Each structure stands twice: as structure tokens, then as C-alpha cells.
Amino acid sequence: MTLNFLELKGLHKKFGDITALNNVSLNVSKGEVIFIIGPSGCGKSTLLRAVNWLTPPDKGEVWLEGDIVGSLSSKLTIEESKLLNSFRAKMGMVFQQFNVWPHLNALENVVRAQMVVAKRNKAESEVKALKILDEVGLSDKINEWPDNLSGGQKQRLAIARSLAMDPILMLLDEPTSALDPELVGEVLSVLRRLVNNGMTMLIVTHELGFASKFGDRIVFMDGGEIIEEGIPEKILKTPKTQRLKMFLEKLNITSFKQ
Amino acid sequence: MKFDISYIIDALPRLFEGALITLQVAILGFCLSLILATTITIARTSLNSKIFNTIIAFYISFIRGTPLLVQIFLIYYVLPVFGLNLGPFSSGIIAITLNSAAFVTEILRGGLASVPNGQFEAAKSLGVSGVALWRKIILPQTFIASIPPLVNEFTMVLKATALLSVITVVELMRVSQQIYSANYHPVEVLSATFVIYFLMCFVVSRSSAILENKLKVKRA
């Protein structure tokens, strides 16, 4: 049996009466780019957040490079939480609402976690931060406060902040959904670079065009379950299930209207 | 009876000495109150313990539901019963701290509520947790959001120290009483006291405006 890079085994999660994840399993190879699609409330964000234990599942396991992530006990010991932090640092997460830190300028946003978590010194962290900020096209904004940045710039800053931790996996939760249409492109082009660099990524999105072009696989979820998965061509052109057909139709109608 | 300014001029040196004590008590009490309230705020969020939260809720409602004057007397007379003979100055600081911390806890609760959950999540997702999460990410944002009510609370504390005169803390009000009971010129002496209190509070609230402006420039 080959060892999977990332393995999700039988994840369950309930919020009150609502089942967000119902026995979800998924294997991801290194370098794979997987897009997760589905109607809102289908559990796709919960799935992403279960991977880095931001929303710990009720049942199930997450394995990264042969190590188990997180623990199902409600109170983590100091050792357990240290271990979890080291896993989280390896899994960069990008949020729909950016969540950049408003009390720190752009450079400090990228420096802070490097110093606190990766224990790098200030000079080292800044050199790295400047390099990454340049890569995401923010080298002229290093002293800017997040409040003065556009949505697209904030999201690129958030991506830079994650990349500074040298992640081996990126989790992106609707990274372009909160952006004005004309700002989507600049974020997608940063993501395209990551794809080209061979970054393993799980991306929750509604950008089907982007998914079909850069995805190795598309996973369709509904009602907390994975309904269909496969290469983009297959999923988008020849959906097998009625639920996926309906979902794609709805998306097509909305995008046609736009 | 005529208003004789010479009584003010004579009283001023001693009044300033009293004002210095007032400032000491207010600053010390408020700093301790900030520390206590911050600790309570962090514990309330991260412990998530029903017992602790209930105790804090009781503490806050008792402090808010009773006069500070009674609290001051109580602490002054109760502590010696337990063998703690701290004297008026320390008892006064404790009373001010315990009183103000209840209000500051409520202020910080509001400030913390203004920090979106995503700020916690972004930090956690990068592996920042525990003390660093609070110290580097959450508390700075909480305090920035709380500056106006915190400055207001400090002026309340500054004025509340006048009550400590009843347990013989030799602060501005006490000094003022000592002077006018010796020279029988309360109008002059109290007018001067009045102005000194006002000037202290005025400087504090002006500095708040400067502080806020500075942080706004930094952020927006």
C-alpha cells in the first residue's frame, strides 16, 4: 500500500441537528490540486477546516505524511497542542474574509507567525517576508496597514502570511468569494503560481472555470457527503448524479445572467 | 465674606503634594485593575468554565450594585480581621483596584467582542496559540478598540480617589480638608482643589483624543 500524502478517514461532524460531515474520506497525493464544490451548507468548508483541526471532527482521522493530526479529546494536553500547532503551520489556510491582522502592517503580518511559531529571528523573518511579498506582488505595500489595502491585496497578503511558514499543503476556503469581480484575477494568478510550483492544495470554490483549468480532481459534496469525484472534464461535462447535474445547472444559469 | 486668593496661594504647595498622591493612587489602582481585568477576560474566554464565569458574574454585579464608599470602608475594616494590617494607602489601592477591575472587565468584554472570530482562526491556522495568540494578536486589537471607554474609566478612578480621604489616605481631598479645617477658608481651598481635579481629568481626556487620533492615522 502506498502511503498517501494526506488522508481523511471517515470524518463525521454534527452542529446540533445538522450533519455537516457524514463519513467523509478522501486521499490526496503530493502535488495534487483538488477543488471542492457544492451548494452552500453542504459541508465543504467544514471539511477543509477539519483538515487542520480548526473545526475538530466528532469522529474520524486526518493523516498527513503518515502522522495523525489532532486528537479527539476535548481538552488538549500541552504536548498535544504543540504538536497540533506544528501541523497547522505546515498547512497554510486562506479564508474567504482574509482575516489579515489589522493592528499590524503588511510586513509585520507576514513576520509575526514566523517569529512566534517557526522561532526565526527578526532579520531572517523579514528577509523571507520581503521575498514572499514580492512574489505575491505586494512589494510596494510592505508598510501599508491592512485597512488601506483592497480586498485582492488583503487576500494576497493572507496568502503570503501562510506561505511564510513554508507550508506543504494549502487549504483555501472560497479565497475569491468576497472579492469584487475585477479583483478576482490578481488572486487567481497568485494561486496559479502555487499550482505551477507543485503545491498540494485543497480549494473550496465556486470558480468552476479556474477549477476545470487547474484542478487535478474535483470533489462534489452535498448534505455532508462526497457525492462524486473525478477529473474536472468528467465532473463538469458528464455528471453522473442528479444532484450534481442540478448544481451545475444552477451555477450555469447564474453565470449566464452575469 | 470675601474671596481671598492669598489662602489659595498658601495652600497650593500642599495641595500639589496631595494631587501627587492622588495621581499615584489612581495610576497604581488603574494599572492593577487593567492587569486583573485582562486576566479575567482571557480566563473567561479560554477556560470556558461555568463555575469561573458565575463567580466573575457575581463579583461584577456586587461591585456594580454597591457604593464605592461602602466598599472602601469594608476593605479598610475587613482586612485587619484576617490579620492583614495594610494601612490606608494599600487598602485604598485594593478597593480602587477591585472596584475598577469590574468595570474594566466589562469594557474589555466589549472590546473583545469587536475582534472577529476570524482573527483567532487565522492565528490558530498558522500555529499561533496560547499566550502568543493573546499577547500578539487578540489583546492589541481588544485594547485599541477599548481606548475611549478605558480613558473614561481612568478619569472615573481619578475622581473616585477623593473617597479615600474617609480612610485617611492623604490625597488631594484629604489635604484640602486638613487645610480648610485649620484656616476656616473652605471656599478658597475647595475652589483650588476643584480646579486641580479638573485640570488632571482634562489632561487625561485630551491625551485620549491624541492617542485615538494616532492609532486611527496608523490604521485607516
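Taking first residues from segment B:99-125 that are within 9 Å of chain A (Cβ to nearest Cβ) and partners that are open to solvent by 10 Å² or more (accessible area, probe 1.4 Å) and basic (Lys, Arg), the Cβ contacts under 6 Å between residues at least 6 apart in sequence or on separate chains come to B:125/A:88. For segment A:121-142, which positions are outside any loop (DSSP other than H, G, I, E, B) and of a type outside the set (A, V, I, L, M, F, W, C)? Passing the criteria: A:122, A:124, A:125, A:126, A:128, A:131, A:134, A:135, A:139, A:140, A:141. All conditions in (1) modelled with pLDDT of 95 or more; (2) part of a helix (DSSP H, G or I) hold for residue B:66, with the sole exception of (2).
Residues that are within 22 Å of the chain's Cα centre (by Cα), basic (Lys, Arg), assigned to a helix (DSSP H, G or I) and at pLDDT below 95 are absent from segment B:87-110. In the set (1) out of contact with any helix residue (DSSP H, G or I) (no Cβ under 8 Å at 6 or more places or on another chain); (2) buried (at least 20 other Cβ atoms within 10 Å of the Cβ), the condition left unmet by residue A:61 is number (2).
Just to be sure, is residue B:195 at pLDDT below 95, within 26 Å of the chain's Cα centre (by Cα) and either surrounded by fewer than 19 Cβ atoms within 10 Å (Cβ to Cβ) or within 13 Å of chain A (Cβ to nearest Cβ) (or both)? In short, no.
If only residues of segment A:143-155 that are assigned to a helix (DSSP H, G or I) and open to solvent by 30 Å² or more (accessible area, probe 1.4 Å) are counted, the one that is nearest to the other protein chains (Cβ to nearest Cβ) is A:147. Among the residues of segment A:16-54, those identified as part of a loop (DSSP other than H, G, I, E, B) and farther than 19 Å from residue A:168 by Cβ are A:16, A:17, A:38, A:39, A:40, A:41, A:42, A:43. Taking the criterion of being surrounded by fewer than 12 Cβ atoms within 10 Å (Cβ to Cβ), among the aromatic types (Phe, Trp, Tyr) and assigned to a helix (DSSP H, G or I), the only residue of segment B:69-82 that qualifies is B:77. Would you say residue B:144 is more than 30 Å from residue B:171 (Cβ to Cβ), at pLDDT 95 or above, within 14 Å of chain A (Cβ to nearest Cβ) and open to solvent by less than 60 Å² (accessible area, probe 1.4 Å)? Here the answer is no, as residue B:144 does not meet what is asked.
For segment B:147-161, a residue qualifies if it is open to solvent by 10 Å² or more (accessible area, probe 1.4 Å) and away from chain A (no Cβ under 14 Å), and the qualifying residues are B:148, B:149, B:150, B:151, B:152, B:153, B:154, B:155, B:156, B:159, B:160. Applying a threshold of 6 Å to beta carbon distances and a minimum spacing of six or more residues, or different chains, the list of pairs starting in segment A:112-134 at a residue that is loosely packed, with under 14 Cβ neighbours inside 10 Å and ending at one that is hydroxyl-bearing (Ser, Thr, Tyr) and not in a helix (DSSP H, G or I) is empty.
A Cβ distance below 8 Å, combined with a sequence gap of six or more or placement on separate chains, defines the contacts here; from segment B:3-18, residues that are over 12 Å from residue B:193 (Cα atoms) and open to solvent by less than 50 Å² (accessible area, probe 1.4 Å) reach residues that are of a type in the set (D, E, K, R) and part of a helix (DSSP H, G or I) in the pairs B:4/B:188. Candidates are the residues of segment A:156-165 that are touching a residue at least 40 places away in the same chain (Cβ under 8 Å) and open to solvent by 10 Å² or more (accessible area, probe 1.4 Å); the one that is farthest from the other protein chains (Cβ to nearest Cβ) is A:163.
Scanning segment A:182-203 for residues being touching a residue at least 60 places away in the same chain (Cβ under 8 Å) and farther than 15 Å from residue A:36 by Cα gives a total of 3.
Count, please, the residues in segment B:178-192 that happen to be open to solvent by 60 Å² or more (accessible area, probe 1.4 Å) and either assigned to a helix (DSSP H, G or I) or touching a residue at least 60 places away in the same chain (Cβ under 8 Å) (or both).
Here is the first cut: in segment B:178-192, the ones open to solvent by 60 Å² or more (accessible area, probe 1.4 Å) are B:178, B:181-182, B:184, B:187, B:190.
Within this subset, residues satisfying the condition of being either assigned to a helix (DSSP H, G or I) or touching a residue at least 60 places away in the same chain (Cβ under 8 Å) (or both) are B:178, B:181-182, B:187, B:190.
So the answer is 5.
Looking only at segment A:74-97, count how many residues are outside any helix (DSSP H, G or I) and open to solvent by less than 20 Å² (accessible area, probe 1.4 Å). Can you show your working first?
Taking segment A:74-97 first, the residues outside any helix (DSSP H, G or I) are A:74-77, A:91-97.
Now drop any that are not open to solvent by less than 20 Å² (accessible area, probe 1.4 Å), which leaves A:91-95.
Count: 5.
Among the residues of segment A:1-36, those that are in contact with a Leu (Cβ under 7 Å, 6 or more places away or on another chain) and aliphatic (A, V, I, L, M) comprise A:6, A:8, A:11, A:21, A:24, A:26, A:28, A:34, A:36.
The values are calculated or read from the model by the stated rules, or taken from the named source; none is laboratory data. Predicted, not measured: the structure shown is a model, and the values here were computed from it. Note that we place each Cβ from the backbone using ideal geometry, even for glycine, and neighbour counts take in every protein chain shown. SASA here: full protein model, heavy atoms, side chains in, ligands and nucleic acids out. Shrake-Rupley method; radii C 1.70, N 1.55, O 1.52, S 1.80 Å.
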